[in-house]
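Since the structure comes first, as structure tokens, the remarks are kept for the end.
Each reported figure results from applying straightforward, stated rules to the coordinates on display, with no laboratory input. For clarity, every value in this text was computed on a predicted model and none was experimentally measured. Because the Cβ atoms are built from the backbone with ideal geometry, glycine has one as well, and the counts that use them run over all protein chains shown.
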């Protein structure tokens, strides 16, 4: 395989790897996009498995991209990538012609493309595939070390998916990302009397605990949430427990009495956008979103106290810098392993 064809293969692999990574980082968001595809193609019976299916496709896309960059199993890879690209292109042609009100989700929440842009992107990828693999019989053989490179990258991608499934995205691209002002991007919720209480999140230090699926919280998670809420209240935070539920449904739930007076109700999709973790926490200071936690890693007393003493913007920037460095570092590690090893 000559240098130009190899460059085309690597470019194709980079696009697929980055697209897959952005979806692996946010499996909940990828599942929401998959829900829209299932609705459009009248496959609603698959929606209970949308997150698993979306994560599987994202992992396959990432592995395919990594294999293209490494250049392993070239004939098999040419056939597999060609079939997948044809499938993606056919889907985007249908979406372009039907023009439904939905995002392709090609790059997760990071980049939003309309249907024409998505089709153009896939046609460019198809062209790269042709330049990389035609003529089919002259693909050459990779160095043996490249199989080690791909194996390291593959294990890393699987571990990254497991990490993402247990946490919130390292990089938040939603409409409620840290730094968002709730006066400009309102978060709507109401109390047991169906009166809107959005203003409660606009003043002071507020800890929003959100549950988009209250039935699945479980006793152990509820106990952790209750303890965090108690400690946060002791430290001077206003704790609001937002549920994707109704006042009538709460009567049948086993909820800690300490949380009952602080329960409010909101739209499920809005809570999924606020925090990807069911039972996760979001710190809001004077109406500005500062930081988020997954349900498995709620802040303890020391962290709450330290955060209270710091300027909110310092907390925001420190977290953003750390998560940006982690994601960029992981991405660079993958490219280094695949290209340099």
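Panel order for 156, 210, by other beta carbons found within 10 Å of each beta carbon, from fewest to most: 156, 210. Projected label points at residue 124 and residue 52, each 7 Å from Cα along the beta carbon direction, are separated by 3.6 nanometres. Against the chain, whose longest principal axis is taken from its Cα atoms, helix 74-98 shows a tilt of about 60°.
Here is how the number arises for the chain: DSSP H runs of 4 or more residues each give -39500 (n - 2.57), the sum is divided by the residue count, and the result at 222 nm is -18500 deg cm²/dmol. Once both labels are positioned 7 Å from their Cα atoms along Cα-to-Cβ, the gap between residue 114 and residue 203 label points is 4.3 nm.
Per residue, the average separation of C-alpha pairs within less than 8 Å and at least 6 apart gives the stretch 266-341 a relative contact order of 19 percent. For the stretch 198-309, the share of DSSP beta bridges that are antiparallel, to the nearest 5, is 55%. Cβ crowding within 10 Å, taken as a proxy for footprinting-reagent exposure, orders 282, 118, 76, 174 from fewest neighbours to most as 76, 174, 118, 282.
Compute the long axis of helix 50-70 from its Cα atoms, compare it with the longest principal axis of the Cα atoms of the chain, and write down the angle in degrees, 0 to 90, nearest 10. The angle comes out near 40 degrees. Considering only 225, 52, 134, the Gaussian network model of the chain with Cα springs below 10 Å gives its largest mean-square fluctuation to 134.
Run the numbers on the chain and let me know its relative contact order in percent, using alpha-carbon pairs under 8 Å that are six or more apart. Dividing the mean separation by the residue count of the chain yields 19 percent.
The distance between label points at residue 297 and residue 188 comes to 3.3 nm (points 7 Å beyond Cα on the Cα→Cβ vector). The computed Cα Rg over 2.2 N^0.38 Å for the structure shown corresponds, within (i) 1.13; (ii) 1.01; (iii) 1.19, to (i). For the chain, the longest principal axis of the C-alpha atoms and the axis of helix 115-133 are separated by about 40°. Using alpha carbon centroids, what distance separates the stretch 64-102 and the stretch 1-55, in Å? With the stretch 64-102 and the stretch 1-55 each reduced to a Cα centre, they are spaced 10 Å. In whole angstrom, note down how far apart the Cα centers of the stretch 136-191 and the stretch 259-310 are. If we compute the Cα centre of each part, the gap is 22 Å.
Within the chain, DSSP assigns beta bridges of which about 60% are antiparallel (rounded to the nearest 5).
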